Structures are given as C-alpha cells and as structure tokens.
Ligand SMILES: CC(C)(COP(=O)(O)OP(=O)(O)OC[C@H]1O[C@@H](n2cnc3c(N)ncnc32)[C@H](O)[C@@H]1O)[C@@H](O)C(=O)NCCC(=O)NCCS
Ligand SMILES: Nc1ncnc2c1ncn2[C@@H]1O[C@H](COP(=O)(O)OP(=O)(O)OP(=O)(O)O)[C@@H](O)[C@H]1O
C-alpha cells in the first residue's frame, strides 16, 4: 500500500470527544502513586479491580461516549429528550462495562460524569471553557430522567445514613470539585514546574480534601472520609506530590486508606473529568482535527 493511503481519516466531533474521554480514563488509571486506588503499582484497596481491567473497561465505553455526543448534536438543545437519551445510552454503556469486567463496577461514576460533560461539550463545541461546559452538564443533570431506575445503590445508602452529597449532586452543582479545586490546583502545580504527573496527583489530592466520596463513606464511614480529607490536605500543605515531605505524607495516606479499606473512587472519577475538561478547554482536542 502507498504510504499516502495510511493518512488517518479525520475524526468526527463525536469520535474526537469519545477519544478524549477514554484517554482521560486511561490517564487516570495509569497515574501513580494514587492513594488506595488502582494504579501502575497495584490494586490499592481493591480486591476485584486491576489495571488491565480498568483499561479494558475504559476502552469498552468508547461507543457509548460517541453515541452521547451524537445524541447532543442531533437533538441540539438541553431538554428532557436529550437527558433521557443520554440516560439510556449511559445505562447501556454500564451494561457493556459490566460484560467486559465480568460484573465488576470499574467506571460507574465516570460514565455519569464524563457522559454529561461529553454531551455538554458536543452541544456547543465553540463554548468549551471549563465553566461553560460544567454549567451545561449541570443543567442536564438537573433534569429528571423518568426511565432511570432508583436502586438502593451504595451512594443512596450513605446519602440516607450520613446525608452526604454524592455523584448526582456533584454534577447538579456544576462539578465544583473539578472547577473550584482540581483544575486550579492542576494549573498551579504545572505553573510551579512540578511536572505533569505530580500536577495530576496534586489535582486528585485537591479533590480529596473536600469531597464527600460515597465510595469511601460506604466502605469506611466517617473515619475513612476524615482520614482521606485531612491526609490529602497534609500532602498539599507539605509541598505537594513533587516535594519529599509531600511524598512522605502521600505514602502515609496510601497506607492509612488501605488499612481502612477506603478507596476514593469518586475522587478518581472526578480527576478523569478534570483531565477531560482540561483538554477540551485548552482547545487541544476539539479545535484540532475537527474545525
Ligand atoms: C448518579 C449515578 C452516578 C448513580 O449514583 P449513586 O450514588 O446512586 O450510585 P453508586 O453509589 O452506585 O455510584 C456512584 C459513583 O459515583 C462516584 N462518586 C462517589 N462519590 C462521588 C461524589 N461525591 N462526587 C462524584 N462522584 C462520586 C463513585 O465512583 C461511584 O462509582 C448514575 O450512575 C445514575 O444515575 N445511574 C442511574 C442510571 C443512569 O441513568 N445512568 C446513565 C447516566 S448518564
Ligand atoms: N483508579 C481507580 N481505582 C479504583 N477505583 C476507581 C479508579 N478510578 C475510578 N474508580 C471508581 O471507583 C469505583 C469503585 O469503587 P468501589 O469498589 O467502592 O465500588 P462499588 O461497586 O460501589 O463497591 P464495592 O466494590 O465495594 O462493592 C468505580 O465505580 C470507579 O468509578
């Protein structure tokens, strides 16, 4: 075959957004050392998850992400038809994920957060600053999907028990953990020259300082949540992931959370959301190749 025939075909907006979302999930999974989460070192506090499964799960979600973006382009506006289309596609994506992982929940919260953000980005690709995308995603999340089942999920159980705000409320508020904590920290740590991996770890820690992570609450109660929030603050106060003091604190936090069986899965999902927004807001992903 002639070399010129090997030129990649240009991707549609929906395909590009799906690529960026899957990239964000793979970058989140690979980032190391994350406290008590699956990463390149190991399985953290999880017995049923490992890095290969996280990758397979992320890749399996590509068609659902693309379909969500296509629904946004076709329907063209925020409203119940789009909310319910995205809900249906998300539930189908969840089933594909479970089929891929043999029934293990690898990315439930991520399908929710990234699904809403992809939809929001596809609706108005010219207006993709972090705040505008998060606001459109929030408006979608506020609409009630009449077909969504209401299972007594782990999140629902801890909401009842502790009155915690979970994944749904985080989205309805416009992802404050991402826009007010993770992204500003990511930019600060990059500007300080800390290196991309450390900047991402710092962004994850910034989320953990304040999040009511229902994964942690379900597995380890308020003690687990306090340990996560205070420990993450201590790493950042000691200079962050790029400093020796910060690294020592990070190692301590990892050990403490594993001992409590407390895995901050919600914070991990929001880091993926942060990496996705960072890419589309910087124009890296959307402008190139699409417009
Ligand atoms: C809103 C969702 C996430 C369900 O939330 P709920 O708290 O009831 O469920 P559950 O405990 O099983 O999962 C919550 C997930 O969110 C993540 N999470 C936990 N805490 C938080 C938090 N504070 N903020 C953000 N994410 C969080 C976790 O990683 C976890 O995987 C969503 O899955 C949903 O609405 N499902 C219904 C089916 C549907 O419509 N799906 C498609 C949506 S696009
Ligand atoms: N790198 C990661 N390591 C571990 N969890 C992650 C990672 N990235 C994202 N997560 C999220 O963490 C969640 C898994 O947490 P958890 O195992 O507590 O889920 P669960 O299904 O609610 O509970 P359990 O496994 O205790 O029955 C996934 O839904 C996923 O969204």
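Here are some notes:
- Residue in the range 254-274 that is farthest from the chain's Cα centre (by Cα), counting only those that are surrounded by 24 or more Cβ atoms within 10 Å (Cβ to Cβ) and more than 11 Å from ligand 1 (Cβ to nearest atom): 257
- Residue that is nearest to ligand 2 (Cβ to nearest atom) [pool: residues in the range 143-161 that are in a helix (DSSP H, G or I) and in contact with a helix residue (DSSP H, G or I) (Cβ under 6 Å, 6 or more places away or on another chain)]: 154
- If you check 19, 27 for being modelled with pLDDT of 95 or more, within 11 Å of ligand 2 (Cβ to nearest atom) and either part of a helix (DSSP H, G or I) or under 30 Å from residue 144 (Cβ atoms) (or both), only one passes: 27.
- First in the range 86-109 and within 19 Å of residue 46 (Cα to Cα), second anywhere and not in a helix (DSSP H, G or I), Cβ under 7 Å, 6 or more apart: 97/61; 97/106; 97/107; 104/48; 104/49; 106/49; 107/61
- Some residue of the range 139-158 being within 27 Å of residue 254 (Cα to Cα), surrounded by fewer than 20 Cβ atoms within 10 Å (Cβ to Cβ), more than 14 Å from ligand 1 (Cβ to nearest atom) and at pLDDT 95 or above: no
- If you go through the range 162-183 and keep only what is part of a loop (DSSP other than H, G, I, E, B) and within 15 Å of the chain's Cα centre (by Cα), you end up with 166, 174, 175.
- Which listed residue is assigned to a helix (DSSP H, G or I), closer than 18 Å to residue 20 by Cα and under 16 Å from the mean Cα position of the chain (by Cα), from 122, 137: 137
- Breaking point among (1) in contact (Cβ under 8 Å) with a residue 12 or more places away in the chain; (2) within 13 Å of ligand 1 (Cβ to nearest atom); (3) not in a helix (DSSP H, G or I), for residue 78: (2)
- Only one of the numbered conditions (1) free of Cβ contacts under 8 Å to residues at least 60 places away in the same chain; (2) within 20 Å of the chain's Cα centre (by Cα) is violated by residue 129, and that is (1).
- Selection status of residue 121, buried (at least 16 other Cβ atoms within 10 Å of the Cβ) and within 12 Å of ligand 1 (Cβ to nearest atom): no
- Given (1) closer than 25 Å to residue 72 by Cα; (2) surrounded by fewer than 24 Cβ atoms within 10 Å (Cβ to Cβ); (3) touching a helix residue (DSSP H, G or I) at 6+ places or on another chain (Cβ under 7 Å); (4) modelled with pLDDT of 95 or more, number of the condition residue 132 does not satisfy: (3)
- Some residue of the range 47-68 being assigned to a loop (DSSP other than H, G, I, E, B) and in contact with a helix residue (DSSP H, G or I) (Cβ under 8 Å, 6 or more places away or on another chain): yes
- The listed residue being away from ligand 2 (no atom under 16 Å from the Cβ) and closer than 22 Å to residue 157 by Cβ, out of 210, 278: 210
- Within the range 94-107, restricting attention to residues that are surrounded by fewer than 22 Cβ atoms within 10 Å (Cβ to Cβ) and outside any loop (DSSP other than H, G, I, E, B), the residue that is farthest from the chain's Cα centre (by Cα) is 99.
- Residue match in the range 205-212 (condition: more than 11 Å from ligand 1 (Cβ to nearest atom) and either farther than 22 Å from residue 261 by Cβ or touching a strand residue (DSSP E or B) at 6+ places or on another chain (Cβ under 6 Å) (or both)): yes
The values are calculated or read from the model by the stated rules, or taken from the named source; none is laboratory data. Keep in mind the model is a prediction, meaning the values are calculated, not measured. Ideal geometry is used to build each Cβ from the backbone, glycine not excepted, and the neighbour counts take in all protein chains shown.
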